[in-house]
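In what follows, a structure is listed as structure tokens, so that the remarks can point back to it.
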Amino acid sequence: MCGIVGYVGTKKATPILINGLLSLEYRGYDSAGIATIENKKIIVKKDKGRVNNLYNLDGINNLNGTIGIAHTRWATHGKPSKENSHPHMDNSQNFAVVHNGIIENYRKLKDFLISKGYSFLSETDTEVIPNLIDYYFKNGVHIHEDKFLSSVKLAVGDLEGSYAIEVISPLFPDEIIVVRKNSPLVVGKANGENFVASDIPAILSYTKNFYLLDDNEFGVVSKDNIKFFDNNLKQYEKNLKNIEWDASSAEKEGFEDFMLKEIFEQPNSIRETIGSRFSLGKPCVFDDLDISKEYLSSINKIYIVACGTAMYAGLAGKTVLEKLCKIPVTVDIASEFRYRNPLIDDKTLCIYISQSGETADTIAALKLAKLNGAKTIAISNVIGSSITREADYSIYTHAGPEIAVASTKAYTSQIVLLSILAMHFAELLGSCPLNEIENLKSDILDLPSKVQTILDDTTKIQDFAKQVYTQKDMFFLGRGTDYAVALEGSLKLKEISYIHSEAYAAGELKHGPIALIENNVVVIGIITDEKLVEKSISNLQEVITRGAKTLVITNQNIPNSHFDFVINIPKTDSVISPVLSVIPLQLLAYYISKNKGLDVDKPRNLAKSVTVE
Ligand code: M6R
């Protein structure tokens, strides 16, 4: 994530750029910056903190440049700091760049540039881009008469990963060059001025006419002209689109709520979590962890500690860690763990999961483990968050900012990252046959497209939501990882629909809870583990006999006629099946809440980060 804006026209660029960034803060907000051109020089103003801080930067209000680029950052490489903020310049200060995305091969490119005499001021992946442009500007074999465009094209040819990029140069003071791959970018057309942005809301108050850039397309944007080029720098015409959104729906990219947008972002957020951590036939890579085979062989237990949804992701992670690494894993609620004198010593590895990285109980539980000599790993979505500053090691989900209070994409990314971590540990330990790890890798790589398949047709879930939204109580049942996901489905429903719900291990039902089942009570069963199908069906049969209305989410061949509703999801390894089975549950909670007319994104009594005990 991150937000970018660009302007070229006759007005002062700075206020337009800052105004645009303010409406993009939902994409990231740990640092911000702008660059403009004045007196044949690039002027950069940037700092750590939110976009509003830009107004306080020395001299920013006196900038008169009428061309500029701007960025609000969501850190991926390097902590939030002034040095790591965008824009970044090359060593000769000929090119300034803002970038949204991740350059996966930046280390290799950095080494190449260092070997050519370039030096670096930041820890970011982005800083290689302006220096590569400068390198090719001076040394490239140019394939277009516009040497600026040609240098950007040659530099971009070396990049692996995702990017939306804007570049300005005092050598070409009237042009912004833009290009994208797997990261959004639009060009807004107006009269005698033109705009660029990662998202439409940033420039919606200036124009309603947009060009939506495609992957590997280049744009050369000047005051009176917008030219587009394909990957071979052949110029061509693009269709202008008129977009009549209001500003708030544009922030949500056309989705009614952030929660729905985040649910639909999951194919991509899972892809970002996988990133370049592994590929088939190669071991997992965790440069950010210094955990050795000797250390892993010396520990006798792992704790996973977290709150709410993050804790439920931990429950799914327990299964995969135990299966692959053969080390016992205990999952604990942070607020309990911190006060019950848990048995921790230097033979304990403690993993803390927190989307925000600011949850008070999780941070306190981490400090406690450190005091007792355990090694600690934080899994977070927010680079530089409090928990990552306390932990021995931090690994990131890279799911992008999660705005809705109800956590969705963070949950699936946490499970994916825990699974990759488990494969990494197992590879170090040699605790699991390599072909099993290889099969799991293949299943993980298939998750984004399988999630997309579920998202492609939500009609059944919407129908079911319409039938049950007036219910007072609901029950979620599952066995094994299906129980872990039942807990998450039940939490999602409670927090945004205010319907009382309970999740039970399906086999536990007859030890008490079955007394609550009566005519028309809704019971949702999750069945994804081949070995447990018959047992789970029998448990559901017990509630059907007592009049329950049932919805089953499954990837198995089960007799549909037994149940009121069946939602089929794609098959995958049962240890990662929660990543798929949770999607219908997230959607169900969402549509029930909408049917009740509730505020989905800001449910009553809840906050996104719980920074108090
Ligand atoms: O930021 P964290 O992951 O530490 O937050 C933990 C819980 O507060 C959070 O998951 C909460 O349960 C969500 N609202 C659930 O949707």
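Select the strands (runs of 3 or more DSSP E) contained entirely in segment 297-388, then report the ones holding at least 1 residues which are of a type in the set (Ser, Thr, Tyr), touching a residue at least 12 places away in the same chain (Cβ under 8 Å) and within 14 Å of the ligand (Cβ to nearest atom).
348-354, 375-380
LYS596 meets each of the listed conditions (1) within 16 Å of the ligand (Cβ to nearest atom); (2) open to solvent by 10 Å² or more (accessible area, probe 1.4 Å) apart from (1).
Restricting attention to segment 395-409, the residues that are surrounded by fewer than 24 Cβ atoms within 10 Å (Cβ to Cβ) and at pLDDT 95 or above total 1. Of the residues making up segment 482-497, those that are open to solvent by less than 10 Å² (accessible area, probe 1.4 Å) and either modelled with pLDDT under 95 or farther than 22 Å from SER593 by Cα (or both) are ASP482, ALA484. Scanning segment 178-216 for residues that are out of contact with any Asp or Glu (no Cβ under 8 Å at 6 or more places or on another chain), without any contact (Cβ under 8 Å) to a residue 40 or more places away in the chain, surrounded by fewer than 24 Cβ atoms within 10 Å (Cβ to Cβ) and not aliphatic (A, V, I, L, M) turns up ASN191, THR207, ASN209, PHE210, TYR211, ASP214, ASP215.
Can you spot a residue in segment 67-86 that is open to solvent by 10 Å² or more (accessible area, probe 1.4 Å) and over 27 Å from the mean Cα position of the chain (by Cα)? Scanning segment 67-86, I find no residue that is open to solvent by 10 Å² or more (accessible area, probe 1.4 Å) and over 27 Å from the mean Cα position of the chain (by Cα), so the answer is no.
Residue count for segment 410-442 under the criterion of being aromatic (Phe, Trp, Tyr) and either open to solvent by 10 Å² or more (accessible area, probe 1.4 Å) or more than 16 Å from the ligand (Cβ to nearest atom) (or both): the result is 1. Among the residues of segment 74-86, is any part of a loop (DSSP other than H, G, I, E, B), in contact with a Cys (Cβ under 6 Å, 6 or more places away or on another chain) and farther than 21 Å from PHE148 by Cα? Looking through segment 74-86, at least one residue is part of a loop (DSSP other than H, G, I, E, B), in contact with a Cys (Cβ under 6 Å, 6 or more places away or on another chain) and farther than 21 Å from PHE148 by Cα. In segment 411-438, the residues that are among the acidic types (Asp, Glu) reach residues that are assigned to a helix (DSSP H, G or I) and open to solvent by less than 10 Å² (accessible area, probe 1.4 Å) with C-beta atoms within less than 7 angstrom, at least six apart or across chains, in these pairs: GLU427/ILE437. Scanning segment 543-571 for residues that are touching a Lys or Arg at 6+ places or on another chain (Cβ under 7 Å) and outside any loop (DSSP other than H, G, I, E, B), we see that the one that is least open to solvent (accessible area, probe 1.4 Å) is ILE567. Can GLY33 be described as open to solvent by less than 10 Å² (accessible area, probe 1.4 Å), of a type outside the set (Lys, Arg) and in a loop (DSSP other than H, G, I, E, B)? No.
The values are calculated or read from the model by the stated rules, or taken from the named source; none is laboratory data. Computed from a predicted model, the values in this text were never measured in an experiment. Note that each Cβ is placed from the backbone with ideal geometry, even for glycine, and that neighbours are counted across all protein chains shown. To get the accessible areas, we keep the full protein, side chains included, count just its heavy atoms, and leave off ligands, DNA and RNA. Shrake-Rupley method; radii C 1.70, N 1.55, O 1.52, S 1.80 Å.
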